[in-house]
Amino acid sequence: MQKRLGGRDCGIDKLPITEYWDFKPSDRKVKSIQQYLANFAIIPKKELPAGAEFGVSYITWNFNCPLLLNNLKTYLCSHGVKFERRQLKHISQGFLSTNVKVVFNCSGLGARSLGGIEDSTVFPVRGQVVIINAPHIRQNKVRWGSDYATYIIPRPNSGGQVVLGGLIQKHNWNGDTFACDTQDILRRATDLLPDILKLPLEILRESTGLRPYRKAGVRIEKEKTKNGIIIHNYGAGGYGYQSGYGMANAATGLLVPNISKL
Ligand SMILES: Cc1cc2nc3c(=O)[nH]c(=O)nc-3n(C[C@H](O)[C@H](O)[C@H](O)COP(=O)(O)OP(=O)(O)OC[C@H]3O[C@@H](n4cnc5c(N)ncnc54)[C@H](O)[C@@H]3O)c2cc1C
C-alpha cells in the first residue's frame with residue numbers, strides 16, 4: 001500500500017512500539033502476533049513498569065489517517081473510481097443509479113439506523129485524543145488495562161504531530177470534547193512516556209470520535225435482494241485502519257471468490 005500510494009510520504013510509515021498489559025494476554029494471541037511482527041521481543045518482567053504483567057516490543061506501521069485517506073482517494077480516482085456523497089435512508093437507494101448490480105454496505109455506526117439494515121447490535125465506543133506537536137517523539141507506546149488504554153502514536157509525515165489517547169467508553173454517543181478527558185489523557189500519556197515533556201507541551205487539537213463496534217464482531221456477509229447483491233462490511237470497532245485492508249479483501253472475495261488481493 002505504501003509503495004502504491006507514493007512511498008514514505010504517503011501517510012503510513014514504520015516506527016518502533018512498546019506495548020504493556022496490566023494482565024497477561026492469551027498465549028494464542030502472543031503466539032499469533034509473534035509470527036508476523038518485525039523485531040518482535042517479549043520484555044523481561046523486571047523491565048516492566050509498576051503494575052504491568054506483560055510487555056512486547058516490535059516495529060509497527062503508523063498511520064497519518066487524514067493524509068493517508070486523501071492519498072488513497074487520489075489513487076483510487078486515478079484508477080477510475082468515482083466518489084459521490086449522498087445520504088441514504090434505505091440501503092435499496094444504493095441501487096438507484098444506473099447499472100448498479102452490487103452495493104457494499106460499509107456504513108459503520110450508520111448500520112444501526114439505515115433502512116433495510118437496522119442492526120441494533122451496532123454501538124459506539126467513544127474515544128477522545130489530544131494531538132500535540134512533539135517532533136522528538138519517534139516511538140509508539142501503549143498500555144492496556146482491562147477498561148482503559150493509554151497510547152502515544154506519532155503521525156508520519158506530519159511535521160511532528162503525536163496522537164495521545166485514549167478513552168474506551170462503550171455506548172456513549174457524545175461527540176463533544178471534554179477538558180477533564182484531555183487532562184486525564186495528558187496525565188496518563190506523560191506518565192507512560194515522560195520524554196513527551198522534554199519539550200514544552202504544545203497542544204494542537206483535541207478531538208472525539210465514536211468507534212463503530214458490533215456485538216458479535218465484524219459483519220462481512222453477502223445478501224441477495226430483489227434489487228441486487230449487497231455485501232455487508234461493517235463493525236470494525238477500534239481497528240478499522242489496522243484491519244480494513246483485510247476486511248476489504250474478505251468482502252470483495254465474497255463477490256469474486258478467486259479475485260486477486262486488493
Ligand atoms: C478515538 C479513536 C481511536 C481509534 N484508533 C484506532 C486505531 O488505533 N487503529 C485502528 O485501526 N482504528 C482506530 N479507530 C477506529 C477506526 O477509526 C474505525 O474502525 C474506522 O474508521 C471504521 O471505518 P468504517 O469505514 O468501517 O466506518 P466509518 O469510518 O464510521 O465510516 C462509515 C461511513 O458510512 C457513512 N454512512 C453511514 N450511514 C450512512 C447513510 N445512511 N447514508 C450515507 N452514508 C452513510 C458515514 O457517513 C461514514 O462516512 C479509532 C477510532 C477512534 C474514534
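The values are calculated or read from the model by the stated rules, or taken from the named source; none is laboratory data. Nothing here was measured: the structure is a model prediction, and the numbers come from that model. All Cβ positions, even for glycine, are placed from backbone atoms using ideal geometry, and neighbour counts span all protein chains on display. Protein only, heavy atoms only, side chains kept; ligands, DNA and RNA dropped before computing areas. Shrake-Rupley method; radii C 1.70, N 1.55, O 1.52, S 1.80 Å.
In summary, LEU186 fulfils each of the numbered conditions (1) of a type in the set (A, V, I, L, M, F, W, C); (2) open to solvent by less than 50 Å² (accessible area, probe 1.4 Å); (3) within 11 Å of the ligand (Cβ to nearest atom) with the single exception of condition (3).
Conditions (1) farther than 28 Å from ALA248 by Cα; (2) open to solvent by less than 90 Å² (accessible area, probe 1.4 Å); (3) among the acidic types (Asp, Glu); (4) not in a helix (DSSP H, G or I), marked per residue:
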position	(1), (2), (3), (4)
LYS3	no, no, no, yes
LEU15	no, yes, no, yes
SER32	no, yes, no, no
ASN39	no, no, no, yes
VAL56	yes, yes, no, yes
THR60	no, yes, no, yes
ASN70	no, no, no, no
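Listed conditions (1) touching a Gly at 6+ places or on another chain (Cβ under 9 Å); (2) in contact (Cβ under 8 Å) with a residue 60 or more places away in the chain; (3) within 16 Å of the ligand (Cβ to nearest atom); (4) not basic (Lys, Arg) are all met by THR60, apart from (1). Scoring TYR213 on the criteria (1) under 27 Å from VAL102 (Cβ atoms); (2) open to solvent by 80 Å² or more (accessible area, probe 1.4 Å); (3) part of a strand (DSSP E or B) leaves a single failure, condition (2).
Filtering region 95-128 down to residues that are over 23 Å from GLY237 (Cα atoms) and free of Cβ contacts under 8 Å to residues at least 40 places away in the same chain, which residue is least open to solvent (accessible area, probe 1.4 Å)?
This residue is SER97.
Scanning region 219-262 for residues that are within 10 Å of the ligand (Cβ to nearest atom), in contact with a Phe, Trp or Tyr (Cβ under 7 Å, 6 or more places away or on another chain) and open to solvent by 30 Å² or more (accessible area, probe 1.4 Å) turns up just one, TYR241. Of the residues making up region 86-130, just one is under 22 Å from ASN174 (Cα atoms), away from the ligand (no atom under 11 Å from the Cβ) and of a type in the set (A, V, I, L, M, F, W, C), namely PHE123.
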